[in-house]
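Take a look at the structure below.
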């Protein structure tokens, strides 16, 4: 832990841009920008309402550098992006 003025300071958590994945992509595989719907930005994934019985990506986190602003929302940059391996991905078995 980092110390500031003698007090321990927790490390800053990485904020991800979270997207609902609307098609079938195995965990860790690149996602087409047309199959990703922006949900929000935070250090933890949004609430999980993924269908059970689906072992594919449902909600995945991407770094801000992998996204582009689109009006008041975000889209994945380019034609596809690979979810950040450090972000917890949500799947349902």
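Give me a count of the residues in region 15-28 that are in a loop (DSSP other than H, G, I, E, B) and closer than 16 Å to residue 74 by Cβ.
Looking only at that region, the number is 2.
Hey, can you tell me all the residues within region 57-76 that are surrounded by 14 or more Cβ atoms within 10 Å (Cβ to Cβ), at pLDDT 85 or above and farther than 14 Å from residue 41 by Cα?
Passing the criteria: only 58.
Going through region 33-56 one residue at a time, which ones are under 15 Å from residue 74 (Cβ atoms) and either over 12 Å from the mean Cα position of the chain (by Cα) or modelled with pLDDT under 90 (or both)?
33, 34, 35, 46
Go through region 29-65 and give me each residue that's part of a helix (DSSP H, G or I), touching a residue at least 40 places away in the same chain (Cβ under 8 Å) and over 11 Å from residue 18 (Cα atoms).
The one that is part of a helix (DSSP H, G or I), touching a residue at least 40 places away in the same chain (Cβ under 8 Å) and over 11 Å from residue 18 (Cα atoms): 33.
The values are calculated or read from the model by the stated rules, or taken from the named source; none is laboratory data. All figures in this text were calculated on a predicted structure; none of them were measured in a lab. FYI the Cβ positions are ideal-geometry reconstructions off the backbone, even for glycines, and counts take in every protein chain you see.
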